[in-house]
1. Select from segment 87-116 the residues that are out of contact with any Lys or Arg (no Cβ under 6 Å at 6 or more places or on another chain), among the charged types (D, E, K, R) and in contact (Cβ under 8 Å) with a residue 12 or more places away in the chain and write down the one among them that is most open to solvent (accessible area, probe 1.4 Å).
2. Output the number of the condition that Gly143 fails; it satisfies all remaining conditions of (1) open to solvent by less than 70 Å² (accessible area, probe 1.4 Å); (2) modelled with pLDDT of 90 or more; (3) over 20 Å from Phe77 (Cβ atoms); (4) of a type outside the set (Lys, Arg).
3. Where in segment 173-259 are there helices (runs of 4 or more DSSP H), lying wholly inside it, with at least 2 residues that are surrounded by fewer than 14 Cβ atoms within 10 Å (Cβ to Cβ) and free of Cβ contacts under 8 Å to residues at least 24 places away in the same chain?
4. Return the residues of segment 26-58 that are touching a residue at least 24 places away in the same chain (Cβ under 8 Å), assigned to a helix (DSSP H, G or I) and among the aliphatic types (A, V, I, L, M); say none if nothing qualifies.
5. What tally of residues in segment 63-79 results from selecting those that are open to solvent by less than 100 Å² (accessible area, probe 1.4 Å) and either assigned to a helix (DSSP H, G or I) or of a type in the set (S, T, N, Q) (or both)?
6. Which ones in segment 59-86 are among the acidic types (Asp, Glu) and touching a residue at least 40 places away in the same chain (Cβ under 8 Å)?
7. Run down Asn137, Asn126 and say which single residue is open to solvent by 80 Å² or more (accessible area, probe 1.4 Å), touching a strand residue (DSSP E or B) at 6+ places or on another chain (Cβ under 8 Å) and either aromatic (Phe, Trp, Tyr) or farther than 23 Å from Asp169 by Cα (or both).
8. At least 1 residues that are closer than 24 Å to Tyr57 by Cβ and of a type in the set (S, T, N, Q) in each: list the strands (runs of 3 or more DSSP E) lying fully within segment 80-172 that qualify.
Amino acid sequence: MIGILKLSKLWRRCLPCFLMANRGFDTLCIKNYDCYGFDIDHTLAKYNLATLFNDVYDAMTKYLIAKKGYGRDAFNFDKDFCTRGLILDLELGNFLKLSKNGTVLRGSHGTRPLSHEQLKEQFGKNVQWRHFDQLVNSVNNIGDRYRIFENFFDMPIGVVCAHVIDWIDRKANWEQQEKYNIWPDVSEAVEYVYHSTQFKAHNGLFFPKWKDETGLYVQKCSSALREWLQKLRAGNKKMFILTSSMEDFAQSSLQFILG
């Protein structure tokens, strides 16, 4: 069995050392290594993203409708808005795509695109995002300021947030609010759906379906990949998984993927 290590903040300290240690390498020969680490997302796991996005979105919105009083008319899944690497400025209700130096390349308010002139009005003539330095220094989500949508299980949450912002604006005749406070409600839905106990408890609106019909969400690996992993093990190589997923979820998913 491949060992599983849960990703923590330790990687932020380890990764720079690893990069510096390997900076002088011109070539990489994988046979020279005794230990092999794998991520799960699109490394060992190839997801059926349309189904994954849709069902995560449905789970989140069912909770918000039933528990937080949002209207059913607020939600209609839009797969085209599922984009990796977006940042939500929670106070402004704006989704942003940034350059490497923090310049806002494009943005939307909820799902409604913002023109370059509108971006300049909000961020100044240089269109520089105000929290960029904090983001670079922390590489983390700041609950009341911004949220990063960085992986496949995060991306549908971004669509949920965009539709909540649209719903609030629509109720106000499309007048933009001075400040938005959507994250407490959305965070509660995320906590319910993704909480670390929900997979084992067969609860949470999403995990039960994943457990019962795993093949809807992820594909079995190829025989070539399975044979390569077996060859590594036969050669006394050590293998591990480095993941931010819960261990029981990762174990169950890998059992299906690897067979």
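1. Filtering first and then ranking leaves Arg112.
2. Status for Gly143: all satisfied but (2).
3. 183-194, 223-234
4. Those that are touching a residue at least 24 places away in the same chain (Cβ under 8 Å), assigned to a helix (DSSP H, G or I) and among the aliphatic types (A, V, I, L, M): Leu49, Ala50, Leu52, Val56.
5. The number of residues fulfilling the criteria is 6.
6. Asp73, Asp78 - these are the residues of segment 59-86 that are among the acidic types (Asp, Glu) and touching a residue at least 40 places away in the same chain (Cβ under 8 Å).
7. Every option except Asn126 fails the conditions.
8. Qualifying strands (runs of 3 or more DSSP E): 94-98, 104-109.
The values are calculated or read from the model by the stated rules, or taken from the named source; none is laboratory data. All of these numbers come straight from a predicted model, not from anything done at the bench. Ideal geometry is used to build each Cβ from the backbone, glycine not excepted, and the neighbour counts take in all protein chains shown. Just the protein is used for accessible areas: all its heavy atoms, side chains included, with ligands, DNA and RNA removed. Shrake-Rupley method; radii C 1.70, N 1.55, O 1.52, S 1.80 Å.
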